[in-house]
Structure formats: C-alpha cells, structure tokens
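Chemist: Mind having a look at this structure? Questions to follow.
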Amino acid sequence: MNFTDVLSNAFRGAFGPEAAIYALAAVGLNLHFGFTGLLNFGHVGFMLVGAYGVAVSVSTWGLSLWVGLLVGIACSIVLALILGIPTLRLRGDYLAIATIAGAEVLRYFYRSDWAAPLTGGVYGLRQFANEFFALNPYSSDLALGPLYFSARNLWVMTAGWALVILASLLVYLLIRSPWGRVLRAIREDELAARSLGKNVYAYKMQSLVLGGVIGGIAGALIAIATQSVNPDNFNPAVTFYLWAIMILGGASTILGPIIGSMIFWFLATFLDSFLRNATASGVIPPDLLSGPDVGALRFVFVGLCLLLLMIYRPAGILGDPKELRLDVR
C-alpha cells in the first residue's frame, strides 16, 4: 500500500476544482444561514439553474459562453424571487420547505421528456465550454513532488479560487457595512430589527438573491469544469454536503466555507484513496469491502467525523459559539 499516493491524492482533493467550487457555493449558503438566518435547504437549485443557464445558452441557443453566464445569474435571481416572495414573510421553516421542494421540482423538470429539446433531458448537455478553455494560460502540467495537476485543472482551479476570494471579500465588506449589521440583527432577533424600523422582508430578499447568485455562479463553474450538465448531478445530497462544509468551517465566518471545503474534500479524498489502496493491496479483504462500496463508505466516515465535531465543537472550527444561533425563527 502506497501511503504517499494516498496523501498526495488527499491534498490534490483539498485544493482541486471540486473544493473551490463547493467553497464558492458554501459562501453563498453562509450568507443565507450564517449571516441572515435563512434556512435554505435547496441551495443546489441555484447551482442547477446557473449550470443550465450556461449550458442551454451555448448548446441550445448558440450564444456566447459569457452571455450564458449572465443568463445563469439572471435565472438565479428569478429563482430567489420565486422562492422568497411567498415565504420570507413567514417563519424560517417555510423557506426550508420551499427551497428543498423547489430544487427537486427543478431537477425533475430539467430531466423531463417535455424539456428534453431544451435541456437534453436525462442525458443532459455536453461540450459547451470551449471558449473558457481556449483562454487557458497554462501550457504544461504542474508537478510539485507527488502532487500533480493537469493544465486543464490548473485553469479551473485558478478561476475557481479567484472567484472564492472575490466572493469572500465581497461578503466581508458587506457584512461589516450597515447593511451587514442589519442582517446580523435579523438573524439574532427579527422582531427587534423590525421594531427599529428596518424592512426585514427586503433585507432577507436581498440576502437570498445575493447568496443565490453566488450559488448560481458555482453551478456554472461546475458545468464549465466538466463540460457537461446532468440534472441528477444536482440532487439534495449536494446541499447537505454544502451544509456540512459550512458547519465544519464555521457558519457566520468569512473563512469558514473555504476551510470547511478544503477539510471536507481532504477527508473524503483521503478515505476514498486509502480504502481503494487497501482493497487493491489486500490489506482489506475483497470479501469485506469491494470497490463500489468505497464511494459510499467514505462519506459514512466523513459523516462520523462531522458528528463528533458537532458534539465537541458545535460552532465549527472557526465559528464563535456566542454568535452562532440555530434557533432561527
């Protein structure tokens, strides 16, 4: 069993394209829940419309990739308005129900035969991000000891982590502005914020739209990185991974989603590589664990680690227990 390969794969997972994309999506979710107290359990819906905004614009309508990105952002805004207008005046759990249901309705709609001429149905759409990869400044792969990144992944990582930094900086500036202080006040005590004359509904809507746009851009980046979209890749499990990442790093912190994503994908990739190496080398008997079971088992172990974290460090690694409140109204 080659432990060096296991560690190199784990570090590649911690800094790779998936970690960057999930960190970006978690930044948007953190703005919803960590700073505003909005229970969004359908964040993957924003990612789905962002991804398909790019894919449909290029593959079906023949538009530019950059126009498709704007279409994806516009779709995220429309989705936020559709979900927020009827629910944000009600208790937080109504938004939770609306978001998770809305994300599932969208997934089934995009995979339906009726929408197939536009979305590709269950087969999805492919090969629509050539404009992005044509701009790739990297002409060769990168090897840092046992770590290896292809030129293609380097370009996606550069774009992904740059967007993560820009989104985190934007959230940092907004949260420390008067607008951000109102969001924190709404999270802590909505009635008190309303009694001070603040339009709570408007602030919630603004937060939902902005966080949804960040999630939509993350979805568009997934589509660009893989050059494909499929509705079933945007299932509810993705949202729960994002919640795990946010809680792991620390909700209501700026760096929490970034640290959480890196640790999450380090653990997930480490366990996947370790178990596959162990089964291939005979350390774990094939009768006890087979290859197809590894993918599911790694998330079982990650879930156990998160469970222990919630018991001994419920605010996450960077979170402040005095600030984080889970009794959202």
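Chemist: Work the Kirkwood hydrodynamic radius out for the chain: mean of 1/r over every pair of different alpha-carbon atoms, inverted, in Å.
Modeler: That comes to 20.6 Å for the chain.
Chemist: Which one of N277, L166, V302 has its Cα pushed farthest toward the positive end of the charge dipole of the chain, where Lys and Arg give +1 and Asp and Glu give -1 at the Cβ?
Modeler: Toward the positive end, the furthest listed residue is L166.
Chemist: At a 1.4 Å probe radius, carbon and sulfur cover how many percent of the accessible area of the chain?
Modeler: 68
Chemist: Taking the Cα-to-Cβ direction at V105 and at L81 and moving 7 Å from each Cα, how far apart do the two end points lie in nm?
Modeler: In this crude spin-label approximation the distance works out to 1.6 nm.
Chemist: May I pose another question? So for the chain, averaging the separation of alpha carbon pairs under 8 Å that are six or more residues apart and normalising by length, what relative contact order in percent results?
Modeler: 34
Chemist: In deg cm²/dmol and to the nearest 500, what is the mean residue ellipticity at 222 nm of the chain if only DSSP H runs of at least 4 residues count, each as -39500 (n - 2.57), divided by the residue total?
Modeler: Roughly -22500 deg cm²/dmol at 222 nm, from the helical runs in the chain.
Chemist: Now for a separate question. Only helices at least 30 Å long along their axis, Cα-based, and averaging 0.0 or more on Kyte-Doolittle count here, so list those DSSP H runs from the chain.
Modeler: 65-87, 151-175, 200-226, 256-281, 291-312
Chemist: Relative to a virtual label point 7 Å from the Cα of L297 in the Cα→beta-carbon direction, which members of the stretch 252-270 show backbone nitrogen distances below 20 Å?
Modeler: Label zone hits: 265-270.
Chemist: With every protein chain present, what is the per residue accessible area of the stretch 105-151 (1.4 Å probe, Å²)?
Modeler: 66
Chemist: Additional query: What does the extension gain come out to for I317 and Y201, with contour length at 0.36 nm per residue minus their alpha carbon separation?
Modeler: 38.6 nm
Chemist: What nm distance separates the two modelled labels at E188 and A134, each placed 7 Å from Cα along Cα→Cβ?
Modeler: 5.2
Chemist: Let me ask you something else. Taking every alpha carbon pair in the stretch 170-329, what does the distance histogram look like in 10 angstrom bins from 0, in percent?
Modeler: Answer for the stretch 170-329: a P(r) of 9, 28, 31, 20, 8, 3, 1 percent.
Chemist: If packing is taken as the average count of other Cβ atoms within 10 Å, what order do 52-60, 304-312, 155-163, 21-29 fall into, highest mean first?
Modeler: Those peptides, ordered most packed to least, come out 21-29, 52-60, 155-163, 304-312.
Chemist: Accessible area per residue for the stretch 164-249 in Å², computed with a 1.4 Å probe and the full protein assembly in place, what is it?
Modeler: For the stretch 164-249, the solvent-accessible area averages 39 Å² per residue.
The values are calculated or read from the model by the stated rules, or taken from the named source; none is laboratory data. Just so you know, these numbers come straight off a predicted model, no measurement behind them. Virtual Cβ from ideal backbone geometry, glycine too; neighbours counted across all protein chains shown. Ligands, DNA and RNA are stripped out before the accessible areas are found, and what is left, the full protein with its side chains, is counted by its heavy atoms. Shrake-Rupley method; radii C 1.70, N 1.55, O 1.52, S 1.80 Å.
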